[in-house]
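Laboratory data are not the source of any read-out in this text; all were calculated from the coordinates shown. Treat the numbers as computed from the prediction; the structure is a model and nothing was measured. Counting neighbours? That spans all protein chains shown, and the Cβs are built from the backbone with ideal geometry, glycine included.
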Amino acid sequence: MYILAFNGSPRPGGNTELLLNEALKPLREAGHTIRLYQLNNVIIKPCQDCGGCTTTGTCIHLDAMTEIYDSIKEADRIILASPIFFYNISAQAKAMVDRCQAFWCEKYLLKKTIPEGPHGRKGLLLLVAGMKKNEEGFRCAEATAKGFFRTVSVPEHEILAYSGIDAKGDILKHPTALKEAYEAGKRLGNTAIK
Ligand SMILES: Cc1cc2nc3c(=O)[nH]c(=O)nc-3n(C[C@H](O)[C@H](O)[C@H](O)COP(=O)(O)O)c2cc1C
């Protein structure tokens, strides 16, 4: 299967990346093809609401999204991983999500969904947040991620969200997070579920 993963954290080796790598581990072990985008390291111009995609479903701006659009179409599984920044996913992740407005136009205006492929399309959302209680941040981020997944024709996704994870490496001290991420990755690689 083709696994597409997005890391929305700007912090190299940060909590999001550690969690994401753990989820990717079983998928690598199973020999799936993995494409990981470090969103902080690519240029994605925020959506300009120019209307360029409304009649075609294709964004007229050429940047990293040009390649990401193809990756999203080809993917069997999509993982979106992000820290909570101001009660939502990071700006890096949100810029990518907003540019999926082109898919929204394609799906809802032009009535063209991305084909399911032989394994169906499934998603995984990974979130980390510094505050000990972060229901509101997770709720907002989950709503954004749900909009993203449904827009790119991923009908179901799992969510793992961890609060009280602030300093770099805090996620390593969490009693269950890494194991849960590994297990979620394993489930994601399960081709039997369609
Ligand atoms: C700009 C910024 C905004 C943040 N906003 C929140 C927030 O709204 N709620 C929260 O719980 N933590 C917030 N945090 C803390 C991060 O979510 C936390 O440090 C997280 O572990 C960072 O993940 P990373 O190591 O993958 O970058 C914020 C951190 C930054 C830098």
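Exactly one residue out of Ala181, Ala161, Ala143, Ala167 is within 16 Å of the ligand (Cβ to nearest atom) and closer than 20 Å to Ala75 by Cα, and it is Ala181.
Is it the case that region 99-106 has a residue that's in contact with a Cys (Cβ under 8 Å, 6 or more places away or on another chain) and basic (Lys, Arg)? Yes, there is a match, as at least one residue in region 99-106 is in contact with a Cys (Cβ under 8 Å, 6 or more places away or on another chain) and basic (Lys, Arg). Candidates are the residues of region 1-11 that are more than 9 Å from the ligand (Cβ to nearest atom) and of a type outside the set (Ser, Thr, Tyr); the one that is surrounded by the fewest Cβ atoms within 10 Å (Cβ to Cβ) is Met1.
Can Glu142 be described as more than 16 Å from the chain's Cα centre (by Cα) and without any contact (Cβ under 8 Å) to a residue 24 or more places away in the chain? So Glu142 fails the test.
Applying a threshold of 6 Å to beta carbon distances and a minimum spacing of six or more residues, or different chains, the list of pairs starting in region 72-96 at a residue that is within 22 Å of Ala177 (Cβ to Cβ) and ending at one that is in a loop (DSSP other than H, G, I, E, B) and among the hydroxyl-bearing types (Ser, Thr, Tyr) reads Ser82/Ser90; Pro83/Ser9; Pro83/Ser90.
Within region 13-56, the set of residues being under 17 Å from the mean Cα position of the chain (by Cα), within 16 Å of the ligand (Cβ to nearest atom) and either of a type in the set (A, V, I, L, M) or assigned to a loop (DSSP other than H, G, I, E, B) (or both) comprises Gly14, Leu18, Leu19, Leu20, Ala23, Leu24, Leu36, Leu39.
Name the strands (runs of 3 or more DSSP E) wholly within region 60-164 that hold at least 1 residues that are among the charged types (D, E, K, R) and surrounded by 18 or more Cβ atoms within 10 Å (Cβ to Cβ)? Before you say what the answer is, go through the steps one by one.
Working: elements: 77-83, 122-128, 156-162.
Where strands (runs of 3 or more DSSP E) fall fully within region 60-164 and carry at least 1 residues being among the charged types (D, E, K, R) and surrounded by 18 or more Cβ atoms within 10 Å (Cβ to Cβ), they are 77-83, 122-128.
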